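Data block below; observations after.
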Amino acid sequence: DTAVSQTPKYLVTQMGNDKSIKCEQNLGHDTMYWYKQDSKKFLKIMFSYNNKELIINETVPNRFSPKSPDKAHLNLHINSLELGDSAVYFCASSPAPRNIQYFGAGTRLSVL
Amino acid sequence: GQQLNQSPQSMFIQEGEDVSMNCTSSSIFNTWLWYKQDPGEGPVLLIALYKAGELTSNGRLTAQFGITRKDSFLNISASIPSDVGIYFCAGQLGSEKLVFGKGTKLTVNP
């Protein structure tokens, strides 16, 4: 029943590893997003896809690579994880780029 | 880039009190949104505002879109313990990215 679901909810890993976070939405939305929330709770957009095409790409290290296999999925792969990557990552979706965004429950990533 | 100034940063109130928080921007938006985030969860939309001067209510919550399009406020009346959480404002211009404020952390003492 969950509208925007992310897996895993928690991810603990070592520096230098590669990891992926998955996101799926069952709302029939065309647009999906990845946000990063730091320890001070500041939410900042990383990427946005509309109909599987990248439309927003903020200044994010190229170790972060989003992939949208279809409109309902937007995955985030992170290479060579660093300590500073520790944060909560939120997936969101909206019917179109200018519409209200609905958020997943977040993935808490801890890099040791 | 665009930044939203959200204040206050945190509030400690007694149950039953009213709460007010606001956001200001140096640039205009044509959509203002207010979200609430509970611990361990993602932000959930409370109120959406689409027109300058618009005043919208959702139960005990009331929000307004400033006439200059550069500010918005959120009021919560007769607060209850479950109002605890972090409240975020967000502004959007057209189909550009959503810009979030830094949040107001609300604590309600029973």
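The values are calculated or read from the model by the stated rules, or taken from the named source; none is laboratory data. Please read these numbers as outputs of a predicted model, since none were measured by experiment. Using ideal geometry, Cβ is built from the backbone for each residue, glycine included, and neighbour counts are taken over all protein chains shown.
Observations, loosely collected:
- The sole residue among B:Phe88, B:Phe65 that is closer than 17 Å to B:Ser26 by Cβ and under 11 Å from the mean Cα position of the chain (by Cα) is B:Phe65.
- If you go through the stretch A:43-58 and pick out every residue that is over 14 Å from A:Phe103 (Cα atoms) and either more than 14 Å from chain B (Cβ to nearest Cβ) or of a type in the set (Lys, Arg) (or both), you end up with 1.
So that you can scan it fast, the table gives a plain yes or no per residue for (1) under 15 Å from the mean Cα position of the chain (by Cα); (2) more than 9 Å from chain B (Cβ to nearest Cβ); (3) touching a residue at least 60 places away in the same chain (Cβ under 8 Å):
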{"position": "A:Val4", "(1), (2), (3)": "yes, no, yes"}
{"position": "A:Met15", "(1), (2), (3)": "no, yes, yes"}
{"position": "A:Tyr33", "(1), (2), (3)": "yes, no, yes"}
{"position": "A:Asp38", "(1), (2), (3)": "yes, yes, no"}
{"position": "A:Lys41", "(1), (2), (3)": "no, no, no"}
{"position": "A:Val60", "(1), (2), (3)": "yes, yes, no"}
{"position": "A:Ala72", "(1), (2), (3)": "yes, yes, no"}
{"position": "A:Ile78", "(1), (2), (3)": "yes, yes, yes"}
{"position": "A:Tyr102", "(1), (2), (3)": "yes, no, yes"}
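- Here the strands (runs of 3 or more DSSP E) wholly within the stretch A:12-110 that include at least 3 residues being modelled with pLDDT of 95 or more and of a type outside the set (S, T, N, Q) are A:19-25, A:31-37, A:73-78, A:87-94.
- Hey, A:Leu54 exposed (fewer than 13 other Cβ atoms within 10 Å of the Cβ), aliphatic (A, V, I, L, M) and free of Cβ contacts under 8 Å to residues at least 24 places away in the same chain or not: yes
To keep it simple, each residue is scored yes or no on (1) farther than 22 Å from A:Ser93 by Cβ; (2) polar (S, T, N, Q).
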| position | (1), (2) |
| --- | --- |
| B:Thr24 | yes, yes |
| B:Trp32 | no, no |
| B:Gln37 | no, yes |
| B:Gly42 | no, no |
| B:Lys105 | yes, no |
| B:Val108 | yes, no |
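- Subset of the stretch B:27-81 (residues that are more than 14 Å from chain A (Cβ to nearest Cβ), among the aliphatic types (A, V, I, L, M) and in contact (Cβ under 8 Å) with a residue 40 or more places away in the chain): B:Ile28, B:Leu74, B:Ile76, B:Ala78, B:Ile80
- Count of residues meeting criterion [exposed (fewer than 14 other Cβ atoms within 10 Å of the Cβ) and among the hydroxyl-bearing types (Ser, Thr, Tyr)] in the stretch A:66-84: 1
- Within the stretch A:81-94, tally of residues that are in contact with a Leu (Cβ under 8 Å, 6 or more places away or on another chain), closer than 14 Å to A:Tyr49 by Cα and of a type outside the set (A, V, I, L, M, F, W, C): 1
- Screening the candidates B:Lys97, B:Lys105, B:Lys36 for the property of being of a type in the set (D, E, K, R) and either assigned to a loop (DSSP other than H, G, I, E, B) or modelled with pLDDT under 95 (or both) yields one hit, B:Lys97.
- Of note, B:Leu74 does not satisfy the criterion of being surrounded by fewer than 18 Cβ atoms within 10 Å (Cβ to Cβ) and hydrophobic (A, V, I, L, M, F, W, C).
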